Structures are given as structure tokens and as C-alpha cells.
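Heads up: the structure comes next, in C-alpha cells.
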Amino acid sequence: MIPALPPLRVTRSSHPDYAAPPCTRTVTVAGVAVGDGSPVVIAGPCTVESRAQTLSIARACRAAGARMLRGGAFKPRTSPYSFQGLGKAGLEILVEARAETGLPIVTEVLDPRLVSLVASFADVLQVGSRSMQNFPLLTEVGRAGKPVLLKRGFGATLEEWVYAAEYVALGGCLEIIFCERGIRTFANGAYDRATLDVAAVHALRKLTPFPVIVDPSHAAGHAGLVPDLAAAALSLGVDGLLIEVVEAGADRGRVKCDGEQGIEPDELAAIVARAESEAALRRAPISPAGAAR
Ligand code: PEP
Ligand code: MN
């Protein structure tokens, strides 16, 4: 039994028709439905580094079967001396990639003052883990008229995450996609980067009618772990995955951000295939062994 939260705009208790999982408030982005029972794979580079790199990865993501393109133009970097993203020029490259591939764009907005600029390019506004409790930002993205992908703060409780979504909803947005990306526990970087909180995914799906997706890339921290974490997430019944991709044969050491965790396009295609078979399974649950046919 998951303890109930108060009747907030984003909890099931405020939506009497939506008493239990699965997701009952589908978020549709340029014709792509998140939460309709078929897990959606959203993929792309951690960072828009150049036009050539972004277009190449966008084409590869499209060919692998991803349904949306995710790339950062404004990057939340721990060090102020690290590459901060291309900014507006990066948004323009993403728009070009969308025009060519037809994939809607998900991109992060970091600064409340830049919400309307980013919203004029993006199809979905991402709020990153480090910004989950930037309350003025949450309010602004809620007012922007675009769906919001709300990552969980890596130090945030489930309740804090739900209340963050409530700020977005109070701004006027009821198109919210929750994204679990791993929390800080005892991960030390050798095996993983964060701890994928599968129990929180389960609880959140019970608490909220909105779609819940998982980002295995930032939890894993290295590419080898991503497919298994993606499979674990799919088996939890999630509505989608958010995955970082590098170009085939990329020199990871030269990737400007998160190079170690980006998977190659053929691995992405395998995850998409797995997501599709998971969707088929959900449509036709396996009958118990020996059950009458
Ligand atoms: C990202 O999506 O590239 C990112 C910085 O993720 P997070 O906010 O989850 O750390
Ligand atoms: Mn990243």
C-alpha cells in the first residue's frame, strides 16, 4: 500500500476517473503519445556540440526507431569551466534536425528568463535534475504552453518530486512527463553513477496519472549498463525511456559531456525493439502456464 498524498492537481486523488495505473493522462507531442501503453524511446546526444554531430545522431536515432530527439543546448555543468552548451545556436541546430527527421525536440531550460526563448524552439521543455526545486523555473515552464519533462532531483524524495510537478501544474500545464534518472546513494562511479530508484517509479505510477519514464543513461554512467537498466525499467511498465547516444565509433574521450554513458545507434535499435516487444506483451498478457486456452 502506497501512502496517499494530498489531493493535488497532479495526484490521482484529484482525478477520480484515474484511480490506478497505468498512466491515464497521455501526453501527446506532435502526434507521439506518451502514456498510451507503448513505451516511447526518446534519444539523442547529451549535448548539441555541432551541426554535423547533432544531425548525424538525429538521423541514427530516427533509423533506430526513436520517436523524439533529446539534446541539450543549455547544459547544467558542475564546473563553470566546463562546456556550457551552444545556447541559442544549439536550439537552431535542433530545429534543423527536427525538420530533417520529423522527430519532435526535447531540450532543457535552465534559466527562468530563457523559458520563452527555449519554448519557441522546443516541443518539450526538460527540467533537469539540478533544477527540480528551482521553483521560479517550475512556475515559468508551467506557463509556457509546452509539455514538460520533469526529471527527479538526485537528492529529492518522491514527495518533493510530486510537489515540484504541482508547481508546473499551477503554472497551467497538465502535460507533465516524470523522469526518474537515478538518485545519490552509495554509487561510486566504478559500477554506476547513480542508483536507479525502481521502487520510486512503482510508487509514482500509483500516485500520479501522468506518464513516468526512465533515463537509464544518467543512472548508469557508462554505456555497458544502459541496456540492462532500460530493460529493468521496461519491465516496470514505464511509459518511455530517455537515452543518450553517441555516434557509431565515437571517440568517447572527445565527447564534450557524458561521453562514457552514450550508447551507439545499434544498441539503441536493440532497446527500441525491446520496447516494442514489451508493448506487445502489455497488450496480450501471458496466460499462466497450464491455463485453459
Ligand atoms: C541531461 O539530461 O543531460 C542531464 C544533465 O541530466 P540530469 O539533469 O538528469 O543530470
Ligand atoms: Mn547528459
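Could you give the length gained on full extension between Ser13 and Glu264, defined as 0.36 nm per residue of separation minus the Cα-Cα distance, in nm?
On the way: separation 251, 0.36 × 251 = 90.36 nm, distance 4.15 nm.
That works out to 86.2 nm of additional length.
Give the percent of DSSP beta bridges with both residues in the range 79-207 that are antiparallel, rounded to the nearest 5.
Numbers: 1 of 11 bridges.
Expressed as a percentage, antiparallel bridges in the range 79-207 total about 10.
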| Can you give the relative contact order of the range 222-289 as a percent, counting alpha carbon pairs under 8 Å and 6+ residues apart? | 37 percent
| task | Hey, can you find the accessible area per residue of the chain for me, probe 1.4 Å, expressed in square angstrom? | result | 43 Å²
| Using only helices, what value at 222 nm comes out for the chain when you add -39,500 (n - 2.57) per DSSP H run of length 4 or more and divide by the total residues, to the nearest 500 deg cm²/dmol? | -10500 deg cm²/dmol
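Using 0.36 nm per residue, how much length does the chain from Ala280 to Asp111 gain when fully extended, once their Cα-Cα distance is taken away? Write down the numbers at each step before the final one.
Values: separation 169, 0.36 × 169 = 60.84 nm, distance 4.01 nm.
Taking Ala280 through Asp111 to full extension adds about 56.8 nm, to one decimal.
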| query | So how far apart, in nm, are the two label points at Asn188 and Ile2 if each is 7 Å from Cα heading toward Cβ? | reply | 3.3 nm
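Taking 0.36 nm per residue of separation and subtracting the Cα-Cα distance, what length does fully extending His202 through Val95 add? Please report the intermediate quantities before stating the final value.
On the way: separation 107, 0.36 × 107 = 38.52 nm, distance 3.45 nm.
The His202-Val95 span can extend by a further 35.1 nm.
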| query | Taking the Cα centre of each part, how many Å lie between the range 116-145 and the range 5-41? | reply | 19 Å
| query | Carbon and sulfur atoms: what percent of the 1.4 Å accessible area of the chain do they account for? | reply | 54 percent
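Can you tell me, using C-alpha contacts under 8 Å and at least 6 residues apart, the relative contact order of the chain as a whole percent? It would help to have the intermediate numbers written out before the result.
Details: 639 pairs, mean separation 63.2, N = 293.
Over the chain, the number comes to 22 percent.
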| field | Relative contact order of the range 70-168, defined on C-alpha pairs under 8 angstrom at six or more residues apart (%) | value | 22 percent
| Cβ-based net charge around Leu103, under 13 Å, with every Lys or Arg adding one and every Asp or Glu removing one | +2
| said: If you take every DSSP beta bridge fully contained in the chain, what fraction is antiparallel? Give it as a percent rounded to 5. | reply: 15 percent
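The values are calculated or read from the model by the stated rules, or taken from the named source; none is laboratory data. These numbers come from a predicted model, not from an experiment. FYI the Cβ positions are ideal-geometry reconstructions off the backbone, even for glycines, and counts take in every protein chain you see. When the accessible area is computed, the model is the full protein with side chains, heavy atoms only, and any ligands, DNA or RNA have been set aside. Shrake-Rupley method; radii C 1.70, N 1.55, O 1.52, S 1.80 Å.
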